[in-house]
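Please treat every number below as a calculation from the coordinates, not as lab data. Just so you know, these numbers come straight off a predicted model, no measurement behind them.
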């Protein structure tokens, strides 16, 4: 009887350990599936063509950027100046900033033909970092993503290419313009870059 009770307790502990391990792996699996599906859809839209219709370009922009949290990235780019502008200005800034990023994302569509190897996905609560190696024309590049979970979905807050942070690059540029010339000048510059 005692052996049976001990066996049941051991089985219970093993089951709890299995559930806990499965739960710990769930976010990593969810993130990888999201990124793989995004990559698959982009490659399917690219096909082997070199010319794209306006509709295809818009679809590529949507697919490439649908997982980016533009508000989080834009807020980081403004740093302490985020609170210097009104809520209406914040909304307009995020909209124009998103247009800039979307426009830049199509500057070289061939990079999205790269093969991708997932090296590591680490999750800490509602934040995550994904480390990948992409290879295009036999040239590897280290591409990392930082993500956070918001409204039930994992969204990118930064893309780091060979150690260079996209968000930090925007922050350096935007904050310099803001400090020297103010918010209006920054917005004019962003509108020009976005083609508005």
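Worth a mention:
- Springs join every pair of Cα atoms under 10 Å in this Gaussian network model of the chain, and among 49, 137, 91 the largest mean-square fluctuation is at 49.
- 0 to 90° range, to nearest 10: angle between helix 166-181 axis and the chain longest Cα axis: 40 degrees
- Per-residue ellipticity at 222 nm, computed for the chain from helices alone with -39500 (n - 2.57) per DSSP H run of at least four residues, works out to -19500 deg cm²/dmol.
- Angle in degrees between helix 87-104 and the longest Cα principal axis of the chain, rounded to the nearest 10: 90 degrees
- With respect to the chain, whose longest principal axis is taken over its alpha-carbon atoms, helix 54-65 is tilted by about 50°.
- Our Cα-only numbers for the chain put the radius of gyration and Dmax at 21.5, 81 Å.
- Within a Gaussian network of the chain (alpha carbon springs, distance under 10 Å), most fluctuating of 150, 166, 127: 150
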